[in-house]
Amino acid sequence: MTTDRVRPSGPRRLLSRLRAVMAAPGDVQARLDQIAKMIAANLVAEVCTIYLMRAGRVLELFATEGLRDEAKHKTRLEVGHGLVGHIAAHARPLILSDAQKHPEFTYVRETGEEDFRSFLGVPILRAGHVIGVVSVRNRALKNYHEEEVETLQTIAMVLAELVGSGDLIPHVELHDLGGNATLAPHIEGVSIGSGLAIGAAVIHEAPVVIRKFVADNPDEERERLRVALGSLHQSLDEIIADSDFVPGDEHLDILEAYRMFAHDRGWLSRIEEAIDTGLTAEAAVQREQEEIRARMAQVTDAYLRERFLDVIDLGNRLLNFLSGRAVLGSDEETPEDIVVIARSLGLTDMFHYPRGRLRGIVTEEGSPTSHLAIIANSLDLPFVGQAKGILTSVDPGDMVIVDGNNGVVYVEPGEDVVQAFDERLEMEAQRQQIVSEVRGKPSVSRDGINIKLLMNAGLPNEHEDIESVGADGIGLYRTEFAFMRYSEMPSVDIQTALYRGVLDKARDLPVNFRVLDVGSDKKVGPLKISREDNPAIGWRSLRILLDRPVVLRQQLRAMLRAAAGKTLYLLFPMVADVAELDAARALLDLEVTHARAKRFVLPEDIKIGSMFEVPALAWQLPALLSRVDFLAVGSNDLMQFMFASDRGNPKLVNRYDVLSPAFLSFINSLVGRCEEHGVELSVCGAAAGATTDAMALIGAGVRNLSMTAASIGPVKTMVRSLSVGPLSEYLSTLYELPDHSLRDRLNEYAVDHDIFL
Ligand code: PEP
Ligand code: MG
């Protein structure tokens, strides 16, 4: 049986009454309650509920008419669960004459909603995101009609305004909601450079299309090549002269290396030889480009691929000069704020856009580890890569918002998105301010627990940040990065100088030197490592070092010399078996004996550490923990081996979570075992530097976290707002849950307990 259709009273009248309520002075909760009452009356419904989205993507009951008042602010639903959660997940209205037959229907007992059959709910949307759900219900079976849906949608818009005021939910939470963006066209990519930018789209020119391949006169082609090369060299000189990078700066090194490639005789003579075969200068450059691409396809090593990309980029630039195409640059018509959109961008291309106007970069390709990314980061440019389809979605001059934090690009956003974006910029500035205020303050929780914040280093000069960021030491020094710069294995002397430089900079703070962690995907020097199908679980790391003991012994020799008179902290990577650690230890003993015989000053003390990346170690703990002084959990590798999930496969990113009950409960038990043996445990994978993850790890008992220098401020801010005891207690109730991830619950916990994430 269905009841007759009821027309809502004039929407315009309702709107003006709603606005009057909103504008009225007084408590915002009381106004929301009044609105729930008005909605129920207007739609002749027995129940109205207003759920709002909280951080952690949970819907909280904020107001109700017809259900139990005590449930307000207590009842919480996950997105995707129940009818309200279903609306939030799909960002669409839901109209049901018999709600109980819907597969998502669930009772929320504490609200007393058992008896209701018909249901109408719509999302509350703001800037394209679901920020809540408003719904009405009736006991009888009833068909809600189009006008009623529209009325409720209009009400939802008004509610969005009220929520957006920030009086009900703090602004910071609103901005972190994420979720279903439905209004503005947006493209999702990956975050390469963080930050937010807005500007007019400038489409980066595609490489030159060559029309003439066969030369009329090879001498003329040689001359054309000479002139174009002159312009190329000059343009690179200008870029370097105009950059703000100073000698010794790693970014200047990158540009200098790039300029060196442009003078590379091998590269030039191959192009000249191609001209001698009768090709035009353009076709000759193109042929060389193709050869480089073909060679690049054989290489899996990320570092080498980057070098090849640099040379391809140079070739493209040379083609531009050969074709006489104007170099990109500023002109009168260039807008004040520009966002460069490109399929891919060469290292120096970005310098051809006026520095004061370039606000952000979006590319269809691009990887976070590219040189372009490193330079863009040093210039603080928000950068979204792998934004598939961006070139076909944007016209020159379109307004584009680059959200480098979330890897999202908005094209021609509406007023509401721009406004939300402006607010976010302001929030971001406030956040930065709060983070910068903790510099120099101790990393101690509210309940007095000391959390050591260490940094990861290894890139040139990276360790130099140690003082400025106030790290408690270097929890992970990846030595392989330095080796990658040499075509030969660096000598013991070169290595000694390198390690000594790091120790000098760290003064008396500890530095955990990790011996080479290389494999067929991370090659160094002349070590012959052939391609493997599964490099992550192949011949790598300590396995190689034990098979090539000279390499390990030279590294240990250099470390012993560098740490003369100090404490040497030695870290062995990818230990899978305690016997491997013993074998490495035996080589260390040989080197100590050797150093003594040669009368070198030895370190005052040597602390032995093992990375914990291979799950097999969990079953060797008594033997392992009796042999080491410290354990560094490499959460990146441990996750990939625990969940059998390739850490570099973009399809698996975020598929499994460090904040799963499995991972966190394991860490918790490992912490306990380490305490029993007096072994210090740290976590040094990416999780240690992400605020929610770091909070969870602390809750699980971790007291030492090692992260990139940039994460130290935000993590310290989080630590200083956290009470560890209650969090640990809460977490201990979650370890056995069957949940895929505890992330939402932990984010929610942080909001409820004023923890600054
Ligand atoms: C890890 O595996 O988490 C780790 C820190 O080592 P890397 O990232 O160098 O493999
Ligand atoms: Mg690792």
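The values are calculated or read from the model by the stated rules, or taken from the named source; none is laboratory data. Because the structure is a prediction, the values reported are computed rather than measured. Don't worry about glycine lacking a Cβ; one is built from the backbone with ideal geometry, like all the others, and counts go over all protein chains shown.
Results for (1) touching a residue at least 60 places away in the same chain (Cβ under 8 Å); (2) among the hydrophobic types (A, V, I, L, M, F, W, C); (3) buried (at least 17 other Cβ atoms within 10 Å of the Cβ), shown as yes or no for each residue.
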residue: R596; (1), (2), (3): no, no, no
residue: S626; (1), (2), (3): no, no, no
residue: A632; (1), (2), (3): yes, yes, yes
residue: D646; (1), (2), (3): yes, no, no
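Quick check on this structure: which one of L391, L453, L476, L425 is on the phi < 0 side of the Ramachandran plot, out of contact with any helix residue (DSSP H, G or I) (no Cβ under 8 Å at 6 or more places or on another chain) and part of a strand (DSSP E or B)?
Exactly one residue qualifies, and that residue is L476.
Counting just the residues of the range 612-622 that are in a loop (DSSP other than H, G, I, E, B) and within 16 Å of ligand 1 (Cβ to nearest atom), which one comes out surrounded by the fewest Cβ atoms within 10 Å (Cβ to Cβ)?
For the range 612-622, the residue satisfying everything is V614.
Let me confirm something: among K528, K452, which residue is under 19 Å from D629 (Cα atoms) and not polar (S, T, N, Q)?
K452
May I ask you to verify whether R647 is more than 16 Å from ligand 2 (Cβ to nearest atom), charged (D, E, K, R) and outside any strand (DSSP E or B)?
No: the conditions fail for R647.
State which residue is surrounded by the fewest Cβ atoms within 10 Å (Cβ to Cβ) when the search covers only the range 459-480 and only residues that are within 23 Å of the chain's Cα centre (by Cα) and closer than 16 Å to A632 by Cα.
R478
Of everything in the range 693-723, what is buried (at least 21 other Cβ atoms within 10 Å of the Cβ), touching a residue at least 60 places away in the same chain (Cβ under 8 Å) and either among the basic types (K, R) or within 17 Å of E748 (Cα to Cα) (or both)? Give them in sequence order.
Answer for the range 693-723, where residues must be buried (at least 21 other Cβ atoms within 10 Å of the Cβ), touching a residue at least 60 places away in the same chain (Cβ under 8 Å) and either among the basic types (K, R) or within 17 Å of E748 (Cα to Cα) (or both): M695, I698, K716, V719, L722.
So in the range 568-584, with the set limited to residues that are surrounded by 15 or more Cβ atoms within 10 Å (Cβ to Cβ) and away from ligand 1 (no atom under 16 Å from the Cβ), which one is farthest from A616 (Cα to Cα)?
L568
Filtering the range 696-740 down to residues that are of a type in the set (V, I, T) and under 21 Å from L670 (Cβ atoms), which residue is farthest from the chain's Cα centre (by Cα)?
Restricting to residues being of a type in the set (V, I, T) and under 21 Å from L670 (Cβ atoms), the top hit is T733.
For the range 135-166, which positions are among the polar types (S, T, N, Q) and part of a strand (DSSP E or B)?
S135, N138
Which one of these is within 16 Å of ligand 2 (Cβ to nearest atom) and of a type in the set (A, V, I, L, M, F, W, C): L556, L571?
Answer to the check: L571.
Could you please find all residues in the range 652-671 being more than 21 Å from M611 (Cβ to Cβ) and free of Cβ contacts under 8 Å to residues at least 24 places away in the same chain?
L652, V653, N654, R655
For the range 661-695, name all the residues that are within 15 Å of F630 (Cβ to Cβ) and within 24 Å of the chain's Cα centre (by Cα).
Within the range 661-695, S682, V683, C684, A688 meet the criteria.
Being part of a loop (DSSP other than H, G, I, E, B) and of a type in the set (D, E, K, R) is the filter here; which residues of the range 428-450 pass it?
Within the range 428-450, R439, K441, R446, D447 meet the criteria.
I'm trying to understand the selection: among the residues of the range 13-29, which are free of Cβ contacts under 8 Å to residues at least 40 places away in the same chain and surrounded by 15 or more Cβ atoms within 10 Å (Cβ to Cβ)?
Scanning the range 13-29 gives R17, V21.
If we keep just the residues of the range 585-608 that are assigned to a helix (DSSP H, G or I) and among the charged types (D, E, K, R), which is nearest to ligand 1 (Cβ to nearest atom)?
My answer is R585.
Output yes when any residue across the range 493-507 is away from ligand 2 (no atom under 16 Å from the Cβ), within 33 Å of the chain's Cα centre (by Cα), in a helix (DSSP H, G or I) and small (G, A, S), and no when none is.
yes
I'd like to know if the range 713-721 contains one or more residues that are modelled with pLDDT under 95, not in a helix (DSSP H, G or I) and not charged (D, E, K, R).
no
For residues that are without any contact (Cβ under 8 Å) to a residue 60 or more places away in the chain and away from ligand 1 (no atom under 16 Å from the Cβ), tally how many sit in the range 682-692.
Of the residues in that region, 0 qualify.
Which residue is farthest from Y730 (Cα to Cα), if the candidates are limited to the range 623-672 and must be of a type in the set (D, E, K, R) and within 16 Å of ligand 1 (Cβ to nearest atom)?
D646
Every residue, every condition in (1) assigned to a helix (DSSP H, G or I); (2) within 13 Å of ligand 2 (Cβ to nearest atom); (3) not aliphatic (A, V, I, L, M), yes or no:
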position	(1), (2), (3)
S610	no, yes, yes
R627	no, no, yes
L638	yes, yes, no
A662	yes, no, no
E676	yes, no, yes
T692	yes, no, yes
L697	yes, no, no
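Residue-by-condition table, conditions (1) among the polar types (S, T, N, Q); (2) modelled with pLDDT of 75 or more; (3) crowded, with 22+ Cβ neighbours inside 10 Å:
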residue	(1), (2), (3)
L279	no, yes, yes
I292	no, yes, no
L314	no, yes, yes
G329	no, no, no
H352	no, no, no
L358	no, yes, yes
E365	no, yes, no
I374	no, no, no
V384	no, yes, yes
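Look through the range 509-532, keep the residues that are over 27 Å from the mean Cα position of the chain (by Cα) and touching a residue at least 12 places away in the same chain (Cβ under 8 Å), and return whichever of them is nearest to T567 (Cα to Cα).
Going through the qualifying residues, I end up with P510.
Got at least one residue in the range 588-600 being under 25 Å from S682 (Cβ atoms), within 16 Å of ligand 2 (Cβ to nearest atom) and either modelled with pLDDT of 95 or more or touching a Gly at 6+ places or on another chain (Cβ under 7 Å) (or both)?
No - not one qualifying residue is present in the range 588-600.
Out of the range 92-129, which residues are among the hydrophobic types (A, V, I, L, M, F, W, C) and modelled with pLDDT of 80 or more?
Scanning the range 92-129 gives L94, I95, L96, A99, F105, F116, F119, L120, V122, I124, L125.
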